[in-house]
Amino acid sequence: MEITKDTRVSEILKEYGDIAEVMEVFGVKRVGGYSLRAFIAKMISVQTAARVHRVPLDEFLSILNKAVSVNK
């Protein structure tokens, strides 16, 4: 799975739980169960998460895609 600006945070956490630590560095917390955070993660994209946490989108995408490629 290639991570793009439109990829949902929940998709990343579901597919690559191992890289959740990388996302936490940027302030994107792990999501579990049927909580409000789980609902929000289904709706929030990588682009929105980057903007909310004031991380440059290109940097965020680069680091996430590197983490994914290491875990393949």
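A short reminder: the numbers here are calculations on the coordinates, not readings from a lab. Since this is a predicted model, take the numbers as computed values, not measurements. Heads up, the Cβs are rebuilt from the backbone with ideal geometry, glycines too, and the neighbour counts pull from every protein chain shown.
The modelled label-to-label distance for the pair Val70/His53, using points 7 Å beyond Cα in the direction of Cβ, is 1.5 nm. Available extension along the chain between Arg8 and Ser45 is 12.9 nm, counting 0.36 nm per residue and deducting the alpha carbon span.
Using a 10 Å cut-off around each Cβ, can you sort Ile12, Ile63 from fewest to most neighbouring Cβ atoms?
Values: Ile12 23, Ile63 17.
Arranged by neighbour count, lowest to highest, Ile12, Ile63 become Ile63, Ile12.
The residues Val9, Val68, Val52, when put in order of fewest to most other Cβ atoms within 10 Å, stand as Val52, Val68, Val9.
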